[in-house]
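Accompanying notes for the structure given below.
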Amino acid sequence: VTGGTSDIGREIALTFAKNGWNILIHYNSNKKKAEEVSKVIKNLGCVCSIFKADFTSEKQIKLLIDEIEGFQIDSLINNAGTYIEGRHYRELGLEIINKTFMVNTFVPLLLSAALIDKMKRKGFGRIVNISSVAAKYGGSSYSVHYGASKRALEGITKSLAKDGAEYNVLVNTVRPGVIDTDFHRKFPKDMDKRIAMIPAKKMGTSLDIAEIVYYLGSEKNNYITNEIITVAGGE
């Protein structure tokens, strides 16, 4: 699980562990939080290892791939994501755009590429990419780079799914809407107005995302691939 210390990442990791899965957790900067999640997982009777990597650093990405290639990974959850900062698209520089795509698009592709052949040989593999409802609507003028990077991730899902299907490697996208997480609290806005736009008239929870990710990313899923599952209260 990449981004395993985020609200959604943590809930995904715990949901898999509660169902008996051993877990590898990636984190970027919050080692203490990663260790706390690992401790909870171990208390559930599962094995857990944590790995640090800054996904804007090519060197650290390569080191992470080298580290995890020694494991038999049956399910990859590409959850790590970043918004970097909100700027109008007229003011976006290449550095911000590049960092956004590195984390949200390029790293999921690189990790998937590093693991998919092992999954094919085993005859079992699941990859779940975490997108965003911003990919559906394109984001605002201040989040064009974010929405575009998530839309590109959904395109990667389709290519990998077609490549893996005959080997029982199933690849899907989960597209969260407005979820009650630190991510949305970090970028304050008129949330009452935003929630009013949701047909369900409420935010989702991390568990709402984790449960569908677990279904798609585990042995429970036997025939769903190349799909975008939106969890957004009707948006």
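Quick notes
- A dipole drawn for the stretch 102-169 from +1 and -1 charges on Cβ atoms has a positive end, and of 165, 146, 132 the residue lying farthest that way is 165.
- Taking 20 Å as the limit for the C-alpha separation, the pairs 31/220; 33/62; 18/42 exceed it in the case of 31/220; 33/62.
- Extent of the stretch 1-123 along its three principal axes (Cα atoms, max minus min coordinate, largest first): 50, 33, 21 Å.
- Proximal aspartates and glutamates relative to residue 158, as straight alpha-carbon distance under 16 Å, when same-chain residues fewer than 8 apart are discounted: 166, 227
- Degrees, to the nearest 10: 31-43 long Cα axis against longest axis of the chain: 50
- The chain: angle of helix 206-217 to the longest principal axis, Cα-based, in degrees nearest 10: 40
- With all protein chains in place and a 1.4 Å probe, the accessible surface of the chain carries 51 percent carbon and sulfur.
- Across the chain, C-alpha contacts under 8 Å between residues 6 or more apart give a mean separation that, scaled by the residue count, equals a relative contact order of 20 percent.
- √(5λ) per eigenvalue of the Cα gyration tensor, the stretch 111-186, largest first, Å: 29, 13, 9
- Sites counted here are chymotrypsin sites (Phe, Trp or Tyr not before Pro) in a DSSP loop (not H, G, I, E or B) having no more than 13 other Cβ atoms within 10 Å; the longest part of the chain that contains none of them is 72-222.
- A 1.4 Å probe run over the protein chains yields, for the chain, 49 Å² of accessible area per residue, whole-number rounding.
- Spatially proximal lysines relative to residue 201 (Cα-Cα < 20 Å; intrachain offsets below 8 disregarded): 136, 189, 193
- Rounded tilt (10° steps) of 144-164 against the dominant C-alpha axis of the chain: 30
- Relative counts (whole %) of C-alpha pair distances in the chain, using bins that are 5 Å wide: 1, 7, 14, 19, 21, 18, 12, 6, 2, 0, 0
- Over the stretch 136-234, volume per residue of the alpha carbon convex hull, in Å³: 102
The values are calculated or read from the model by the stated rules, or taken from the named source; none is laboratory data. Note that this is a predicted model, so its numbers are computed, not measured. Because the Cβ atoms are built from the backbone with ideal geometry, glycine has one as well, and the counts that use them run over all protein chains shown. Side chains included, ligands, DNA and RNA excluded: accessible areas come from the protein's heavy atoms. Shrake-Rupley method; radii C 1.70, N 1.55, O 1.52, S 1.80 Å.
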